[in-house]
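Down below is the structure, laid out as structure tokens.
The values are calculated or read from the model by the stated rules, or taken from the named source; none is laboratory data. Keep in mind it's a predicted model, so treat the numbers as computed, not measured. Virtual Cβ from ideal backbone geometry, glycine too; neighbours counted across all protein chains shown.
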Amino acid sequence: MPQAERFQADDPTMRFVEAWGRMGSVWGISRTMAEVHALLYITGAPLCTDDVMETLEISRGNASMSLRALVDWGIVGRVHKRGDRKEYFVAEQDVWTVFRSIVRERIKREVDPLLASLYEVRDDLAPAAERGTDPEVKARLEAMIDFLELCAALGERFAGPTGPGLQLAASLLARNHRSKHAD
């Protein structure tokens with residue numbers, strides 16, 4: 001796909017891009033960012049910013065910001081073509097690597113800051129206890145912190161940058177699920 005290919009609205013490629021965009025919105029990322037990723041993933045070809053802009057009918061700024069964010073997330077890489085000064089982008093094609101990167105990024109952006117805030121709240125509870133704060137509040141806060149620390153640890157263990165941890169965990173859970181429903 002050296003130049004942006006024009007897809008019809010009912011083309012399976014564009015239907016995938018649209019579905020991925022809707023899913024991205026639910027996951028809390030911009031629809032355009034998800035659509036750019038979907039386009040790069042489903043075509044499997046290096047595309048430049050102009051190709052992305054033309055195919056998705058988006059502005060240069062929107063395309064550039066989305067591509068930069070996808071590179072930062074580690075699910076899109078930059079490539080250069082010999083003799084061409086343009087920068088091209090390719091999506092990671094291994095779905096397990098993509099989802100490991102997404103899980104790691106979500107932990108870094110969502111769970112870690114939440115834990116930091118909860119640690120601060122816990123630290124503030126010590127003086128509050130002297131003023132008669134309900135001990136159940138501390139117990140509920142500790143339970144939430146323990147849960148989130150476990151989630152973060154599991155995420156690190158199963159979604160580390162290398163290895164089949166996430167795929168292994170999913171396989172084990174699926175096997176367990178199938179055996180429960182077979183009875």
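The rows are residues; the columns are (1) surrounded by fewer than 20 Cβ atoms within 10 Å (Cβ to Cβ); (2) among the aromatic types (Phe, Trp, Tyr); (3) in a strand (DSSP E or B).
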position	(1), (2), (3)
ASP10	yes, no, no
GLU18	yes, no, no
GLU35	no, no, no
LEU39	no, no, no
ILE42	yes, no, no
ASN62	yes, no, no
ARG68	yes, no, no
VAL90	yes, no, yes
THR97	yes, no, no
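Looking only at region 44-53, decide whether some residue is assigned to a helix (DSSP H, G or I), of a type in the set (Gly, Ala, Ser) and in contact (Cβ under 8 Å) with a residue 12 or more places away in the chain.
Within region 44-53, none of the residues are assigned to a helix (DSSP H, G or I), of a type in the set (Gly, Ala, Ser) and in contact (Cβ under 8 Å) with a residue 12 or more places away in the chain.
Looking only at residues in region 107-136 that are surrounded by 15 or more Cβ atoms within 10 Å (Cβ to Cβ) and either in the same structural domain as GLY74 (by TED's automatic domain parsing) or in contact (Cβ under 8 Å) with a residue 40 or more places away in the chain (or both), which one is farthest from GLY155 (Cα to Cα)?
This residue is VAL111.
Are any of the residues in region 71-83 modelled with pLDDT of 90 or more, within 28 Å of SER171 (Cβ to Cβ), in a helix (DSSP H, G or I) and under 18 Å from the mean Cα position of the chain (by Cα)?
yes
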